[in-house]
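Undergrad: Below you will find the structure I want to go over with you.
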Amino acid sequence: MKLTFLGAAQTVTGSRYLLEAQGKRVLIDCGLFQGTKNLRLRNWAPLPFPADTLDAVILTHAHIDHCGYLPVLARNGYRGPVYCTPGTADLCDVMLRDSARLQEEDAAFANRHGYSKHHPALPLYTLEDAEAALRLIGPREFDAPVSLGEHLSFRLLPAGHILGAATVVLCSGHTVLAFSGDLGRPEDPIMRAPASPAHADYLVVESTYGDRLHAALNPEDELAEVFARTFARGGIVVMPCFAVGRAQEVLYHIAHLKETGRMANVPVYLDSPMAISVTDLYRRHMREHRLTVSQLHALDHAAFMTRTVDDSKAIASRNGPMVIIAGSGMATGGRVLHHLSLYAPDPRNTIALVGYQAPGTRGAALEAHAPAIKLHGDYVRVRAEVASISSLSAHSDYRETLRWLAGMTCAPVRTFVTHGEPAAADALRRRIEETLHWDCSVPEQGQSVELPEETVRAVPCPPCEGAGAQGIPA
């Protein structure tokens, strides 16, 4: 059995793991690389294997750094199944179409304005490619055994984080491999706590916040302070925001701040058609989150929902104070770029960062208080206040991750720490070794490891029991 790390190795993006076992080749996650140019260029590199040699793809969740490469895989000839939870399938339908449209629009914009080094600028993939990928998706319920062939099966366990997010637990013979995916927080106000697998012989665990603890702050206190001081100077709060998960959490807190009178009655705009569509999906998956029907209603009325381009442009004609929530969360694309271009130069305004900012992104430059950022080929001065809301995170910190690991009944034979910047990944590796005394390492990009299947259990592992009832669809 062989495991190859094709992404998310010493970086927090591009999640892709190739497992070769029982005569099958299975790709766990199929994400885009984001961030610095050298990472983004990996998206354009030839596939390290012929796409049609894969037998299956399993997604942990629908964030673009975990699913956004699927259209490239489909364009290159992959026609097999893509397994995920129903929530992830619904989100992928939104995310992949939006990602394709953004790439087509960005390429067209670059060609119109001539700022691309490539002539003509081309999108990484098109809407047609995305639709081809979506046709391959076959949803599977949480904790339902799924067969990938003789002696190879998997289950999906709730991981918190966002709707549909899962930990993948694979069984090859009597050997268990678990891929954590992105782990949510046990006390998240919206998503339910992640579930630990009972056991795993080999484990791949994320380390986004492997070197830090989340601040013991109330996010509503932080938001209220940012809003109050910005509105006092007549300013506008621009919030680059992830459309899946983070936008809904921000709306949840804004609704509560307004309800309790802790926020001025100013207009709030959710300028993200994708985030609006995602918010609607929470009603379809009520069992996955903690929100009541009345809280969902409050979310819907916490902001003006801006769907069309004309509505988005109309926001610029309004005077402050107001709040504009727009994608993308790391300011790598989307409508937020136009708002940053307009509002970043004014010192009365605030740019509020509400999530992790990967190195090389505009969000990371803003977080580092860069004096200017490049937008649509030109540099824009940043005179606005830049505030980081540190208590808003959908990722577990290292203490919460250790608690999730400790929920397993026995130590894995070997643990691999991925999906984190080098310092974060190594910090979590060290903490796992020192706290749990597990054999732990940080793999490199492209590294392959042979996993001996010597660990034979007296009884079949849980993922195998009854798995023969479901097979790969024709």
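The values are calculated or read from the model by the stated rules, or taken from the named source; none is laboratory data. Worth saying up front: this structure is predicted, and the values here are computed from it rather than measured. Reconstructed Cβ throughout: ideal geometry from the backbone, glycine too, with neighbour counts over all protein chains shown.
Undergrad: Please state which of the following conditions VAL244 fails to meet, knowing it meets all the rest: (1) more than 18 Å from ARG335 (Cα to Cα); (2) assigned to a loop (DSSP other than H, G, I, E, B); (3) in contact with a His (Cβ under 8 Å, 6 or more places away or on another chain).
TA: Among (1) more than 18 Å from ARG335 (Cα to Cα); (2) assigned to a loop (DSSP other than H, G, I, E, B); (3) in contact with a His (Cβ under 8 Å, 6 or more places away or on another chain), VAL244 violates only (1).
Undergrad: Count, please, the residues in segment 146-157 that happen to be more than 18 Å from GLU453 (Cα to Cα) and under 25 Å from the mean Cα position of the chain (by Cα).
TA: Taking segment 146-157 and keeping what is more than 18 Å from GLU453 (Cα to Cα), we get 146-147, 155-157.
From the residues that got through so far, the ones that are under 25 Å from the mean Cα position of the chain (by Cα) too are 146, 155-157.
Qualifying residue count for the region: 4.
Undergrad: Here are the criteria: (1) in contact with a strand residue (DSSP E or B) (Cβ under 7 Å, 6 or more places away or on another chain); (2) at negative phi. Tell me which single one GLY149 does not satisfy.
TA: (2) is the only condition that GLY149 fails.
Undergrad: From the residues in segment 422-474 that are more than 27 Å from the chain's Cα centre (by Cα) and polar (S, T, N, Q), which one is modelled with the highest pLDDT?
TA: Across segment 422-474, the extreme among qualifying residues is THR435.
Undergrad: Now for a separate question. Identify, please: which residue in segment 212-266 is polar (S, T, N, Q) and free of Cβ contacts under 8 Å to residues at least 60 places away in the same chain and is, among those, farthest from LEU366 (Cα to Cα)?
TA: THR260
Undergrad: Before we move on, is GLY14 in contact with a Phe, Trp or Tyr (Cβ under 7 Å, 6 or more places away or on another chain) and not assigned by TED's automatic domain parsing to the domain that holds GLY334?
TA: So GLY14 passes the test.
Undergrad: Still on this model: In segment 30-46, which residues are touching a helix residue (DSSP H, G or I) at 6+ places or on another chain (Cβ under 8 Å) and assigned to a helix (DSSP H, G or I)?
TA: Residue satisfying the conditions is ASN43 alone.
Undergrad: In this structure, does ILE58 turn out to be among the β-branched types (Val, Ile, Thr), out of contact with any Gly (no Cβ under 9 Å at 6 or more places or on another chain) and either crowded, with 18+ Cβ neighbours inside 10 Å or under 20 Å from GLU421 (Cα atoms) (or both)?
TA: Values: among the β-branched types (Val, Ile, Thr): yes; out of contact with any Gly (no Cβ under 9 Å at 6 or more places or on another chain): yes; either crowded, with 18+ Cβ neighbours inside 10 Å or under 20 Å from GLU421 (Cα atoms) (or both): yes.
Yes: the conditions hold for ILE58.
Undergrad: Now, a different point. Among residues belonging to segment 269-302 that are in contact with a helix residue (DSSP H, G or I) (Cβ under 6 Å, 6 or more places away or on another chain) and over 24 Å from ALA165 (Cβ atoms), point out the one that is surrounded by the fewest Cβ atoms within 10 Å (Cβ to Cβ).
TA: TYR269
Undergrad: Can I ask one more? Every residue in segment 252-281 that is among the aliphatic types (A, V, I, L, M) and not in a loop (DSSP other than H, G, I, E, B), please.
TA: Applying the first criterion (among the aliphatic types (A, V, I, L, M)) to segment 252-281 yields 254-255, 257, 263-264, 266, 268, 270, 274-276, 278, 281.
Matches in segment 252-281: ILE254, ALA255, LEU257, VAL268, LEU270, MET274, ALA275, ILE276, VAL278, LEU281.
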